[in-house]
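Working notes, beginning with the structure itself.
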Amino acid sequence: MSISIIFRFKKAQKKIFEKIRRMRWRKGVYCQYCGSFSVELHQIHKTGLHRYKCRNCPRIFSDLTKTIFEYTKIPLWKWFFAIYETGQKSGISSVELADKLNINQKSAWRMLDRIRTSFLKYKPLLKGIVEGDEMYVGGKQKGHKGRCIKWSNKVCVAGVVERKGRATVQIVDYVSEEALTSFVERNVKEGSKMCTDGYGGYNGLNYAGFFHESVDHNREFVRGNVHTQTIEGLWSFIKRKLKGTYYKVSNKNLLKYLKEFVLRYNMRAERPWKRFNYMLSFTLATI
């Protein structure tokens, strides 16, 4: 399958800039420096790249200015293939990508890192019945168990997920009531129903405009429609990717990987090409 997709991207490399222009200039070409729509076509490169000149600045910019592709020496069809593979069920590691595209592993890693960095702008606002929980990533350290990670080498990841819907996650320094309430307020629409476990860090949600119900896992896991099974499934999905596809992820880059996993999780029901187009839209956004 990958070979046919590679051939398809390589064969359509002349049409890549047409696709970029359709997606990036939907409301018209505008200057990337002053924001003016008063621009004129300055040059058409043999590859299909268009350069424009602003009548106000006047500065010259192109279809790739202020995107992750601006100064790349790697052909765009290889970037498009990397984005397509990132949207697949298991993602793709830099070693596998380097082997398929016949490039250096470090170049492949930088490509994937830039793509993941563009996903940091993805911040959906959840609503309806939403589940909240935390996950801990990192090595083991004796003497510290449970949620107390302040003096350990673990990283706490807070997450919220809609029932049969979208999810979002964020790294938090400490699982205090203030930190968890602030995280929920930023990512869940006010008035939504929040379902969590019995941890006291979520007690402030009732006072923050949410209808909060919890289930004590020491006694039961489900009470009516109050449970955290959906977000437990999200944690399972993320852990399989961390241990299976990527093996080891540094704390420095962990959030980028988490955003990739969540974006793929949220589009799990979509067709591969729709996922590709959606992910491509983030890479074409102005940085």
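Side notes on the structure shown:
- With respect to (1) without any contact (Cβ under 8 Å) to a residue 40 or more places away in the chain; (2) assigned to a loop (DSSP other than H, G, I, E, B); (3) under 24 Å from the mean Cα position of the chain (by Cα), the lone exception for Lys106 is condition (2).
- Residue selected from the range 248-280 under the condition surrounded by 12 or more Cβ atoms within 10 Å (Cβ to Cβ) and of a type in the set (Ser, Thr, Tyr), by the criterion nearest to the chain's Cα centre (by Cα): Tyr257
- In the range 265-287, the residues that are in the same structural domain as Lys78 (by TED's automatic domain parsing) and farther than 23 Å from Arg240 by Cβ reach residues that are of a type in the set (Gly, Ala, Ser) and surrounded by 15 or more Cβ atoms within 10 Å (Cβ to Cβ) with C-beta atoms within less than 7 angstrom, at least six apart or across chains, in these pairs: Phe282/Ser118; Thr283/Ser118; Ala285/Ser118.
- The set of residues from the range 22-67 being among the charged types (D, E, K, R) and out of contact with any strand residue (DSSP E or B) (no Cβ under 7 Å at 6 or more places or on another chain) comprises Arg22, Arg24, Arg26, Lys27, Lys46, Arg59, Lys66.
- Every residue from the range 1-56 that is in contact with a Leu (Cβ under 7 Å, 6 or more places away or on another chain) and either free of Cβ contacts under 8 Å to residues at least 12 places away in the same chain or among the charged types (D, E, K, R) (or both): Arg24
- In the set Thr245, Thr230, only one residue is surrounded by 15 or more Cβ atoms within 10 Å (Cβ to Cβ), hydroxyl-bearing (Ser, Thr, Tyr), touching a strand residue (DSSP E or B) at 6+ places or on another chain (Cβ under 8 Å) and within 23 Å of Arg268 (Cα to Cα); that residue is Thr230.
- Residue check for Thr86: farther than 20 Å from Tyr246 by Cα and either in contact with a strand residue (DSSP E or B) (Cβ under 8 Å, 6 or more places away or on another chain) or among the β-branched types (Val, Ile, Thr) (or both): no
- When the range 53-80 is limited to residues that are more than 24 Å from the chain's Cα centre (by Cα) and within 30 Å of Leu101 (Cβ to Cβ), the one that is surrounded by the most Cβ atoms within 10 Å (Cβ to Cβ) turns out to be Phe61.
- Which listed residue is among the β-branched types (Val, Ile, Thr), at pLDDT 95 or above, crowded, with 18+ Cβ neighbours inside 10 Å and closer than 22 Å to Arg264 by Cα, from Ile83, Ile92: Ile83
- Selection within the range 117-132: residues that are in contact with a Phe, Trp or Tyr (Cβ under 7 Å, 6 or more places away or on another chain) and surrounded by 21 or more Cβ atoms within 10 Å (Cβ to Cβ). The member of this set that is farthest from Ser93 (Cα to Cα) is Gly132.
- Test: Val29 is among the β-branched types (Val, Ile, Thr), modelled with pLDDT of 95 or more, surrounded by 14 or more Cβ atoms within 10 Å (Cβ to Cβ) and closer than 28 Å to Val262 by Cα: no
- Considering only residues in the range 223-241 that are out of contact with any helix residue (DSSP H, G or I) (no Cβ under 7 Å at 6 or more places or on another chain) and among the aliphatic types (A, V, I, L, M), the one that is modelled with the highest pLDDT turns out to be Ile231.
- Matching residues, the range 199-219, being in a loop (DSSP other than H, G, I, E, B) and at pLDDT 90 or above: Tyr199, Gly209, Phe210, Asp216
- The range 167-190 - residue that is free of Cβ contacts under 8 Å to residues at least 60 places away in the same chain and part of a loop (DSSP other than H, G, I, E, B) and, of those, nearest to Leu258 (Cα to Cα): Asp173
The values are calculated or read from the model by the stated rules, or taken from the named source; none is laboratory data. Keep in mind that what you see is a predicted model, and the values were worked out from it rather than measured. Note that we place each Cβ from the backbone using ideal geometry, even for glycine, and neighbour counts take in every protein chain shown.
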